[in-house]
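*Asks:* Okay, handing you the structure first.
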Amino acid sequence: MKKVLVFSQIDADILARLQSQYDVVTVHPKLGDVNQQIREAVRDADGMIGAGRLLNAENLAPAEKLKIISSVTVGYDNYDVDYLNQRQIWLSNTPHVLTETTADLAFTLLMSAARQVPHLDQWTKQGQWKRTVGAAQFGVDVFGKTLGIIGLGNIGAAIARRGFHGFNMNVLYHNRREKPELATAFNARYCELNTLLQQSDFVVVAVDLNADSQALIAAAELANMQKHAVLVNISRGSVIDEQALIHALKEKQIFAAGLDVYQKEPLQDSELFQLSNVVTLPHVGSATEATRQKMSELAYQNLEVALAGQTPRYLVNEKFGQ
């Protein structure tokens, strides 16, 4: 019987299915050092499934017959892909099934930051609504404004579609290459990053984290944005220089920000918590029951296919770096 290492909490139904087919070993923080648990269990594991752990040479070196790591995520910056390529270990992910859910969340952040929803919710509950609201409680309009999308992949396109069709927004986008096949549907115009920042009322970051996107939005880029602009990040925290963003929010260089991701997660004791012009969510872009079930099912299928000796449908490193 093939051995599967479950390296994080996964859907209970999927875990039960795995246990009916394979010799399943799970890791858990309560059992001690997680990396040590992985090093011990991976030695004779055929496959791994989970999310949210850094997997690299440090904890995977003992693996003798590992065929696949099936990640219950779209992003794969937690995995040392170069090392997996060297070891000829497949890495699969779960794209597409979370596109619409994550786009919904991006627009939730955009709207909430634009109209100061969390701040005014607390302001009202604290009994501060004693007369007609003034300028301090005003938000910014969304309908008919300019939406800038950084990263026009599937999620970026879904966000742009919501803006164009739902809010009559003018759409700009910046990407590593122009994508007329996606942009035509919502009359989006390609432009350089600084132009997008200068002309957009709302900027949504939806890029993968890589060497090119690390600190893509820093002090200089924030200074290029309009003072009434709202910045939304649903990609990865390290795409934005967090300290530069905190400074920009404190100094009112931009109107507000909506964040679902951070440089260090879980977010603890952050200066962001002291600011009323930022919406902070706990990395919940795909966090609906239906979407998480779809992701788990797809990860299970990727694992099952690989362990049966076939090529999984969604591979990050299909050519092993060749």
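The values are calculated or read from the model by the stated rules, or taken from the named source; none is laboratory data. None of these values were measured; they are calculated from a predicted model. Quick reminder, even Gly has a Cβ in these numbers, built from the backbone with ideal geometry, and neighbours come from all protein chains shown. Only protein heavy atoms, including side chains, enter the accessible area calculation; ligands, DNA and RNA are left aside. Shrake-Rupley method; radii C 1.70, N 1.55, O 1.52, S 1.80 Å.
*Asks:* In the stretch 111-138, what residues are open to solvent by less than 50 Å² (accessible area, probe 1.4 Å), assigned to a helix (DSSP H, G or I) and in contact (Cβ under 8 Å) with a residue 60 or more places away in the chain?
*Replies:* SER112, ALA113, ALA114
*Asks:* Can you tell me which residues in the stretch 27-51 are open to solvent by less than 70 Å² (accessible area, probe 1.4 Å) and in contact with a strand residue (DSSP E or B) (Cβ under 9 Å, 6 or more places away or on another chain)?
*Replies:* Matches in the stretch 27-51: VAL27, GLN37, ILE38, ALA41, VAL42, ALA45, ASP46, GLY47, MET48, ILE49, GLY50, ALA51.
*Asks:* Please determine whether any residue of the stretch 220-229 is part of a loop (DSSP other than H, G, I, E, B) and buried (at least 20 other Cβ atoms within 10 Å of the Cβ).
*Replies:* There is at least one residue in the stretch 220-229 that is part of a loop (DSSP other than H, G, I, E, B) and buried (at least 20 other Cβ atoms within 10 Å of the Cβ).
*Asks:* Is one or more of the residues making up the stretch 3-20 surrounded by 20 or more Cβ atoms within 10 Å (Cβ to Cβ) and under 19 Å from the mean Cα position of the chain (by Cα)?
*Replies:* The answer is yes, given that some residue of the stretch 3-20 is surrounded by 20 or more Cβ atoms within 10 Å (Cβ to Cβ) and under 19 Å from the mean Cα position of the chain (by Cα).
*Asks:* Kindly indicate the residue of the stretch 52-74 that is among the small types (Gly, Ala, Ser) and surrounded by fewer than 21 Cβ atoms within 10 Å (Cβ to Cβ) and also farthest from GLY285 (Cα to Cα) among those meeting that condition.
*Replies:* ALA61
*Asks:* Could you please find all residues in the stretch 75-104 being of a type outside the set (Phe, Trp, Tyr), open to solvent by 20 Å² or more (accessible area, probe 1.4 Å), within 16 Å of VAL261 (Cβ to Cβ) and touching a residue at least 60 places away in the same chain (Cβ under 8 Å)?
*Replies:* Listed by number, the residues that qualify are GLY75, ASP77, THR101.
*Asks:* Okay, moving on. At negative phi, of a type in the set (D, E, K, R) and assigned by the TED database to the domain that holds ASN85 - does that describe any residue in the stretch 303-322? Outline the logic, then answer.
*Replies:* Taking the stretch 303-322 first, the residues at negative phi are 303-308, 310-319, 322.
Filter once more, so that each one left must be of a type in the set (D, E, K, R): 304, 313, 318-319.
Of the ones still in play, those that are also assigned by the TED database to the domain that holds ASN85 are 304.
So far as the stretch 303-322 goes, yes, one or more of its residues are at negative phi, of a type in the set (D, E, K, R) and assigned by the TED database to the domain that holds ASN85.
*Asks:* Another question, if that's okay. I'd like the residue in the stretch 156-186 that is of a type in the set (Lys, Arg) and surrounded by fewer than 17 Cβ atoms within 10 Å (Cβ to Cβ) and, out of all such residues, is nearest to the chain's Cα centre (by Cα).
*Replies:* Applying the filter and picking the extreme gives ARG176.
*Asks:* Residues of the stretch 143-156 being closer than 18 Å to VAL239 by Cβ, at pLDDT 95 or above and among the small types (Gly, Ala, Ser), which ones?
*Replies:* Matches in the stretch 143-156: GLY148, GLY151, GLY156.
*Asks:* Mind checking which residues of the stretch 147-167 are assigned to a loop (DSSP other than H, G, I, E, B) and at negative phi? First the steps, then the outcome.
*Replies:* Going residue by residue through the stretch 147-167, those that are assigned to a loop (DSSP other than H, G, I, E, B) are 151-153.
Within the stretch 147-167, LEU152, GLY153 meet the criteria.
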